[in-house]
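Shown next, in structure tokens, is the structure this report addresses.
The values are calculated or read from the model by the stated rules, or taken from the named source; none is laboratory data. Just so it is clear, the structure is predicted and the values come from calculations on it, not from any experiment. Methodologically, a virtual Cβ is constructed for each residue, glycine included, from the backbone with ideal geometry; neighbour enumeration extends over all protein chains shown. What goes into the accessible areas is simple: the full protein's heavy atoms, side chains included, and nothing from ligands, DNA or RNA. Shrake-Rupley method; radii C 1.70, N 1.55, O 1.52, S 1.80 Å.
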Amino acid sequence: MLDLLIKGGTIIDPVLGRITANIGIKGHTINLVSEQEVEASEVLEASGLIITPGFIDIHMHESEVENNTANLEMLEYMAGMGVTTAVGGNCGLNTCKQDAGAYLDLLEASGIPVNYIGYTGYGYIREQYGHELDRPINHSEFLELAPLIRKNLDQGACGVSLGLEYAPGISTEEMLWLGSLVRDYPGRLISVHYRYDARRSLEALAELIILARETAVPVQVSHIGSCNAFGQMSSALDMFDAAYADGVDVSADVYPYNAFSTMIGSPVFDEGCFEKWNKSYDSLLVAEGKYRGQRCTESIFRELRRQAPETLLVAFVMNDAEVTEAIKHPRIMIASDGFLRSGQGHPRGTGAFPRVLGKYVRDEKQLDLVEAIKKMTLLPAERLGLPDKGRVAQGYDADLVIFNYDTVMDQSGYENPETPPRGIEHVLVGGKAVVKNSNYNGGDNGRVIRFGR
Ligand SMILES: [Zn+2]
């Protein structure tokens, strides 16, 4: 007998398209997809609803660890917007402030609501050895930190992440040393937050194509909206297409917003940033702390940068139409880049996936529903090498999202970033509901996915 039968919904499978069938779940796995009605201990009525594979967020940021306790805030937001597998450790940072391997151990011991995969941040590792991010290192210094990279990869990190914009001291050569180390671990990736945005963004992208070409390591370029949506997106997408046609393993993800978010102390806001974006201080919204909810003035900007450099800012500087162009491109994945701390930050951390479905698919008809679902499920599953995820089919993991197509939409904004979306009715992780009737249910059925095991 089955554990659960999901009855009467419309399935969107990225390979077969729309199917009307029941889904039978046994344990952690989809046991049947069929018109049959098989007996099950529990039945979930899904008439009128859409059922898709659980979303895989290939680029998010994990919560900090304090007092050796896992903070599950980000993973709970993930569940709320239909993400059943979250990939953290991006942009060269371990926002958990732990070694990636140790963090996987900690999550495993505490139990998690959704599946988790982690990169080891290269900037984090460099800092463990006392190398400041704006200073170059030589080859022998790199060899000193290589064992820590290997240790994290041996413990199951999915690859190494870089945040070149935050770490200008990392040269192309240093990246190539790193690439040849990662090449020893088949299937691992390098995710890169590019070196430059806006005017020099194509140069930055060319560097990452060289990295993928020279090292044969799969390179995932992070959140290209905030890199290229300043007048360079069409050219950037052409560069991806040309590299792909040439057999270079480079891909990218994007979040569906025209504003990015990062800490005010970041080099992103160094002298000259406003000229480059053609924007002024009031394009920046303070997302936390004493000026929360206010637009920057020159004096607020200078004060926070000096006295509270960790403060999160939201920068309304990208072009909408170019973000849309990236979302529509068939090989670009949807990812949130989400990071909220105690409910404060950018609304993408709670709204990115429902926003694509509600705004870009249903309301604006920019892309087809099946195509959008593929960008949230099968594409990242293939990119990461997760053979049991990304489809609604027999033998696949029972990670599923059940949503109402008529109502699905993000509800979080820059003033209320923690507000859960509308229309995400049920979310199943390994066959168990983590969201039920649009309410976060809690749960610890998520798995820590370790690569190479
Ligand atoms: Zn980033």
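Can you confirm whether Leu176 is surrounded by fewer than 20 Cβ atoms within 10 Å (Cβ to Cβ), without any contact (Cβ under 8 Å) to a residue 12 or more places away in the chain, farther than 29 Å from Ile264 by Cα and among the hydrophobic types (A, V, I, L, M, F, W, C)?
So Leu176 does not fit the description; no.
Can you pull out the residues in the stretch 27-65 that are surrounded by fewer than 16 Cβ atoms within 10 Å (Cβ to Cβ) and without any contact (Cβ under 8 Å) to a residue 40 or more places away in the chain?
Ser34, Glu35, Gln36, Glu37, Val38, Glu39, Glu42, Val43, Glu45
Could you say which residue among Gly293, Gly231, Gly247 is more than 16 Å from the ligand (Cβ to nearest atom) and outside the structural domain of Arg150 (by TED's automatic domain parsing)?
Unique residue meeting the criteria: Gly293.
How many residues, within the stretch 168-181, are part of a loop (DSSP other than H, G, I, E, B) and either within 19 Å of Tyr103 (Cα to Cα) or away from the ligand (no atom under 16 Å from the Cβ) (or both)?
2
Among the residues of the stretch 142-167, write down those that are more than 15 Å from the chain's Cα centre (by Cα) and either at positive phi or within 16 Å of the ligand (Cβ to nearest atom) (or both).
Answer for the stretch 142-167, where residues must be more than 15 Å from the chain's Cα centre (by Cα) and either at positive phi or within 16 Å of the ligand (Cβ to nearest atom) (or both): Gly156, Leu164, Glu165, Tyr166, Ala167.
Does Asp337 meet the test of being away from the ligand (no atom under 16 Å from the Cβ), touching a residue at least 60 places away in the same chain (Cβ under 8 Å) and either among the acidic types (Asp, Glu) or open to solvent by 10 Å² or more (accessible area, probe 1.4 Å) (or both)?
No; evaluated as a whole, the condition is false for this residue.
Taking the condition touching a residue at least 40 places away in the same chain (Cβ under 8 Å) and either in contact with a strand residue (DSSP E or B) (Cβ under 9 Å, 6 or more places away or on another chain) or within 16 Å of the ligand (Cβ to nearest atom) (or both), does Gly265 pass?
Criteria met by Gly265.
Got a sec? Which of Glu418, Glu382 is free of Cβ contacts under 8 Å to residues at least 24 places away in the same chain and open to solvent by 10 Å² or more (accessible area, probe 1.4 Å)?
Glu382
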